[in-house]
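Asker: Have a look at this one.
The values are calculated or read from the model by the stated rules, or taken from the named source; none is laboratory data. Keep in mind it's a predicted model, so treat the numbers as computed, not measured. Here the Cβ is made from the backbone with ideal geometry for all residues, glycine too, and neighbour counts use every protein chain on show.
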Amino acid sequence: MLRVLVLVSGGGTNLQAIIDATASGKITNTQLVGVLSNNKTVKSLERAKNAGIPAVSVSPKDYADRAAFNDALLEKVDSFAPDLIVLAGFLVAIPEAMVHKYSNRIINIHPSLIPSFCGVGYYGLKVHEQALKRGVKVTGATVHFVTEGMDEGPIIAQKAVKVEDDDTPEILQKRVMEQAEWILLPQAVDDIANSRIRVENGHVKRS
Ligand code: GRF
């Protein structure tokens, strides 16, 4: 059983997609061992508790500086002994020490077709605002492994989503979630749990 720890910052609809897919058997060989949030008051923690998954928070506000927070975060993550860490809308930069320790064992969902609309400053609604501003006709979502550079790790899967003429950032965000994110992320967890993918020379291959 793959021990999966999900890191969240907000509403947790991607977390919910993973919980539901695990419950329905779409994701197999997986145990959701914990949910960790950097924010004490988010809906995600409630979703975890409702599903009987241990939920904890580690907030930067409780630490003197970033280094102390990063140490506490890694310590908390380690305490779950995860095989896979899923960043499901986690808005904190992953400390370098964690990226190295969990190399090829951290995945992230990003709401665009990387390398478009990604990197520093592209998170949440901002991604969709920029896509609309540029006038792209197709956007989507990407699941990728996490490396040191933001949104730069090996791509596991991508799914395209159409942009409609009257879209607002909110409408587009919802469509990208429904048509891409909530499908791709559970699929990636299942692929990893069942050893269907591997990283070779910085690229993801399927077996
Ligand atoms: C998603 O759009 C995800 O791609 C991005 O942050 C959002 C999180 O939404 N990284 P939720 O908390 O899963 O509802």
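Asker: Restricting to the range 129-153, name every residue that is under 14 Å from residue 173 (Cα atoms) and within 14 Å of the ligand (Cβ to nearest atom).
Answerer: Residues satisfying the conditions are 129, 130, 131, 139, 140, 141, 142.
Asker: Taking only pairs six or more apart or across chains, which ones have beta-carbon atoms under 8 Å, a first residue in the range 181-207 that is under 28 Å from residue 12 (Cβ atoms) and outside any loop (DSSP other than H, G, I, E, B), and a second residue that is of a type in the set (S, T, N, Q) and modelled with pLDDT under 95?
Answerer: 197/207
Asker: A follow-up question, please. Out of curiosity, is residue 28 touching a residue at least 24 places away in the same chain (Cβ under 8 Å), farther than 19 Å from residue 78 by Cα and either of a type in the set (Ser, Thr, Tyr) or away from the ligand (no atom under 16 Å from the Cβ) (or both)?
Answerer: Taking the combined requirement at face value, the residue satisfies it.
Asker: Next question, about the same structure. Which one of the conditions (1) touching a residue at least 12 places away in the same chain (Cβ under 8 Å); (2) within 16 Å of the ligand (Cβ to nearest atom); (3) farther than 17 Å from residue 143 by Cβ does residue 41 fail to meet, given that it meets all the rest?
Answerer: If we test residue 41 against (1) touching a residue at least 12 places away in the same chain (Cβ under 8 Å); (2) within 16 Å of the ligand (Cβ to nearest atom); (3) farther than 17 Å from residue 143 by Cβ, just (1) comes out false.
Asker: Let me ask you something else. What is the number of the single condition among (1) surrounded by 14 or more Cβ atoms within 10 Å (Cβ to Cβ); (2) within 12 Å of the ligand (Cβ to nearest atom) that residue 126 does not meet?
Answerer: It fails just one condition, (1).
Asker: While we're on this one: Test residue 98 against the stated conditions and say whether it is surrounded by 13 or more Cβ atoms within 10 Å (Cβ to Cβ), more than 27 Å from residue 68 (Cα to Cα) and not β-branched (Val, Ile, Thr).
Answerer: no
Asker: Here is a further query. Within the range 6-20, identify whether any single residue is more than 15 Å from the ligand (Cβ to nearest atom) and either of a type in the set (A, V, I, L, M, F, W, C) or under 15 Å from residue 186 (Cα atoms) (or both), and answer yes or no.
Answerer: No, every residue in the range 6-20 fails to be more than 15 Å from the ligand (Cβ to nearest atom) and either of a type in the set (A, V, I, L, M, F, W, C) or under 15 Å from residue 186 (Cα atoms) (or both).
Asker: Being within 13 Å of the ligand (Cβ to nearest atom), in contact (Cβ under 8 Å) with a residue 24 or more places away in the chain and in a loop (DSSP other than H, G, I, E, B) is the filter here, so list the residues in the range 94-118 that pass it.
Answerer: Within the range 94-118, 94, 111, 112, 113, 114, 118 meet the criteria.
Residues are listed down the side, and each one gets a yes or a no for (1) under 22 Å from residue 196 (Cβ atoms); (2) loosely packed, with under 14 Cβ neighbours inside 10 Å; (3) at pLDDT 95 or above; (4) of a type in the set (A, V, I, L, M, F, W, C):
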| residue | (1), (2), (3), (4) |
| --- | --- |
| 14 | yes, no, yes, no |
| 18 | yes, no, yes, yes |
| 39 | no, no, no, no |
| 55 | no, no, yes, yes |
| 67 | no, yes, yes, yes |
| 74 | no, no, yes, yes |
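Asker: Considering the range 149-176 alone, what residues qualify as being touching a Ser or Thr at 6+ places or on another chain (Cβ under 6 Å) and of a type outside the set (Val, Ile, Thr)?
Answerer: Passing the criteria: 153, 158.
Asker: Would you confirm whether any residue within the range 161-175 is within 11 Å of the ligand (Cβ to nearest atom) and touching a Gly at 6+ places or on another chain (Cβ under 7 Å)?
Answerer: No, the range 161-175 has no match at all.
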